[in-house]
Amino acid sequence: MLRYNFKRLFDQRDIKQPLAYLISKGFSRNVASHINSGKFRALTISQVERLCRALNCTPNDLVEYVPKEGEQLSGNPLAVLVRDEKLVRMSDLVSKIPIERMPEFSERFEELARSLAGGKD
């Protein structure tokens, strides 16, 4: 079964107030509330695009595939959408770094971000 995984994305991005965040990104209170609660019938393609821009992700990142019990994933093209990896919160990682090493961490993180963006600033 395919399903949206907004809570996971909000957690990964350390967004503690998803409703306020979505409203700040231009979603109406009603739509933001439905997305945040997971109680919506459908999202328009323009809403999916806005979510991708707001969360800096792709449409594939918005959904996850939950296989039926005993289902074989071999050869299933949806297998790439199974999200069984451990959730890593950057805030948890950062809290473990000694203050005196923060500049080094920040520099390395910025290098990684630049390399992922293709060297664009």
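Database remark: amide H of VAL63 closer than 5 angstrom to the amide H of ASN5 (H placed geometrically; neighbours at sequence offset of 5 or more, or on other chains; Pro and chain starts carry no H). Per-residue Karplus couplings for the stretch 5-20, computed as 6.51 cos²θ - 1.76 cosθ + 1.60 with θ equal to phi - 60°, are listed in order as 10, 4, 4, 4, 5, 4, 5, 4, 8, 6, 8, 7, 10, x, 4, 4 Hz, Gly and Pro entered as x. Restricting the stretch 38-121 to GluC sites (Glu not before Pro) that sit in a DSSP loop and have at most 15 other Cβ atoms within 10 Å of their own Cβ leaves GLU69, GLU71, GLU85. For the chain, which whole percent of the accessible surface, found with a 1.4 angstrom probe, sits on carbon and sulfur atoms? Answer for the chain: carbon and sulfur cover 54 percent of the accessible area. In this structure, the residue pairs whose Cα-Cα separation is over 25 Å, taken from LYS39/LYS68; LYS16/LYS68; LYS7/LYS68, are LYS16/LYS68. The trypsin sites (Lys or Arg not before Pro) of the stretch 33-77 meeting both criteria, a DSSP state outside H, G, I, E and B (loop) and at most 14 other C-beta atoms within 10 angstrom of the site's C-beta, are LYS39, ARG41, LYS68. What is the stretch 1-63 by shape, rounded, prolate or oblate, if you read a ≥ b ≥ c off the alpha carbon gyration tensor as root eigenvalues and call it rounded for a/c under 1.5, prolate for a/b larger than b/c, and oblate otherwise? Rounded. Between ILE23 and ASP92, the simple label model (points 7 Å from Cα in the Cβ direction) yields a spacing of 2.9 nm. In the context of the full set of protein chains, the chain has a per residue accessible area of 75 Å² (1.4 Å probe).
For the chain, the relative contact order comes to 32 percent (Cα pairs under 8 Å, sequence separation of at least 6).
The values are calculated or read from the model by the stated rules, or taken from the named source; none is laboratory data. All of these numbers come straight from a predicted model, not from anything done at the bench. Every residue, glycine among them, receives a Cβ derived from its backbone with ideal geometry; neighbour counts consider all protein chains shown. With ligands, DNA and RNA removed, areas are computed over all heavy atoms of the protein, side chains included. Shrake-Rupley method; radii C 1.70, N 1.55, O 1.52, S 1.80 Å.
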